[in-house]
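> Just passing along the structure, written as structure tokens.
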Amino acid sequence: MTAKFIVQFTLRLLFFSGLLLGASGAMAELWDTSDSQLSSVQLHGFSTVGAAWLNQKNAVLVRDFSSRMGMGHYGNPADADSRLGLQADWQTTSRLSMTVQAVAAPRIEQNANNMIPWAFLKYDFDDNISVRAGRMGVYCFALSDQRNLGYVYPWVRPPVEFYAFMPIYSMTGADVSWHHDFSPDRSIEVRTFAARSDSSYYLPDPVVNTDSFSLNLSPMLGGTVIFNDHNASARLAYMTMKIGSTFPGLENILQQANTLGPYYPPLAGLGQNADIMGTSVAFYDASFSYDNGKLLVLSEMAATAFQSQFKPSMLNGYLTLGWHLTPDLLPFVNYSRVSPLRSTYQVATAAAPTGTANLPVAVQLKIIGGYYYGQSMASQFNTRYFNGFQENQETFSMGLRWDFRPRMDLKLQVDKTLIIGNGYELWQYPPTTSLDPRGVTGVTLTWDTVF
């Protein structure tokens, strides 16, 4: 993240904060609220300044698909993890509140839609039931509301194998939650939601001459159950989404493949298997955390089922173990893994045409030309798409977190990542050089603050 980037986004954050406070004042006059109500506006912020480095030249491991930036050998080491956030909470009445959050971070597209992950109203019917409406976090992950807030987790960044392919930081819709306390240390929360999302997605694919596209998900329907018991917390979540967009240029390529179907039959049904428009995605998640002041355990596992054959369904997860040497010093180790759940779809090989000797020369040339053009397109799809859009890798990490001042920490983390087979999707694709089969080593240092 360059100095110019930080200055620009700091000014934008101040601008949006001014809009929020101005709107608060206008609404206070409109509703004739008291000074005590207006003073209930609270401003909070958070930031991460990071520096990441890889030992592999000409390779970049993305933090997540909302940005092309990541950990690399060259370039700006602060591009992957540095970010700045500001949040305003306004308790308008005893039951109604409003929250707006703006975050500056490297992204594919810098606009208000991507910069403001939260902008919602919340109404508490009583101490147990509440409803939210507007833009909010996708409440299906252990880090649903904290992915940008580095201070709340031990790592320098959320595990890449789990969170990288999920660039969905927010959704627009409504949710309803029910909370019940069994005792002061034991509670349960149930939340359901209906929403939609439009996220800019990193697509490193020169074949369609672009590096991003807008991923439309509508509707998004799901629910979460969270059980808290003293030092432990367990979560189960389910979400189903329908894809309302497709990759740029893919529709034209599929039309070309369809016209080649008579000459290369395996291409005839390619659109049914490769297109993502109108297909569904199901997401299943389970997470567990435990921290008794000495031992820290963090674990999450998810399965993502894609209806389209374009991308294989996936299983991913992580396990973190840490030990509090002192209240301020936490060493930890982490293992994270992502792998396909099914074999990658491949366009089948077709036999060369025969029995054309008695046909006119022009027809023979058309048939033979169509066959070899179709063969080339099939190979391209298998190599670039079906083999290219998959994740299959694992990372072993060691790290140390030091809370050297109240609401500040320093973290150092060393990662060893091994790519398995063709599982390069989390890297800027295609790699300009072969990655070391012994693994790629990354070192990251971050400074997190909340204020």
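Each value in this text was obtained by applying a stated rule to the coordinates, not by laboratory testing. Since the structure is predicted, the reported quantities are computational estimates derived from the model, not experimental observations. In this analysis, Cβ positions are derived from the backbone assuming ideal geometry, glycine residues included, and neighbour counts consider all displayed protein chains.
> For K294, which aspartates and glutamates qualify as cross-link partners when the Cα separation must be under 14 Å and same-chain residues fewer than eight apart are set aside?
Result set, ordered by chain and number: D328.
> With N set to the residue count of segment 339-405, report its C-alpha Rg divided by 2.2 N^0.38 Å to two decimal places. Kindly include the intermediate steps, with their values, before the conclusion.
Details: Rg = 23.8 Å, N = 67, 2.2 N^0.38 = 10.9 Å.
In units of the 2.2 N^0.38 Å rule of thumb, it is 2.18.
> Restricted to Cα positions, what overall size does segment 212-306 have along the principal axes? Three whole-Å values, descending.
Projected onto the principal axes, the Cα atoms of segment 212-306 cover 66, 24, 22 Å.
> When a footprinting reagent is the concern and you count Cβ atoms within 10 Å, what order do V152, V60 take, fewest first? Don't jump to the answer; show the numbers that get you there.
Numbers: V152 13, V60 25.
Fewest-to-most Cβ neighbours within 10 Å comes out as V152, V60.
> Semi-axes, largest first, in whole Å: what does sqrt of 5 times each Cα gyration tensor eigenvalue give for segment 300-451? Walk me through the intermediate numbers first.
Details: eigenvalues 521, 45, 30 Å².
After scaling each eigenvalue by five and taking roots: 51, 15, 12 Å.
> Another one. Along its three principal axes, how long is segment 382-422 when you only count alpha carbons? Whole Å, largest extent first please.
52, 17, 8
> In whole percent, what relative contact order does segment 83-218 give with Cα contacts below 8 Å and a gap of six or more residues?
Values: 238 pairs, mean separation 23.4, N = 136.
17 percent.
> Where q = 0.24 Å⁻¹, what log10 of I(q)/I(0) comes from the Debye formula for segment 274-325, counting one point per Cα?
Summing over Cα pairs of segment 274-325 leads to -0.86.
> Distance in nm between label sites at I129 and N111, each 7 Å beyond Cα in the beta-carbon direction?
Rounded to a tenth, the inter-label distance reads 3.9 nm.
> Using the reciprocal of the averaged 1/r over all distinct C-alpha pairs, how large is the Kirkwood radius of the chain in Å?
Values: mean 1/r = 0.0414 Å⁻¹.
Mean inverse Cα-Cα distance, inverted, gives 24.1 Å.
> Same structure again: Find the eigenvalues of the gyration tensor of the Cα atoms of segment 46-165, then list the square roots of 5 times those eigenvalues as equivalent ellipsoid semi-axes, largest first, in whole angstrom. Present the calculation step by step, with values, prior to reporting the outcome.
Details: eigenvalues 216, 39, 28 Å².
Equivalent ellipsoid of segment 46-165: 33, 14, 12 Å, largest first.
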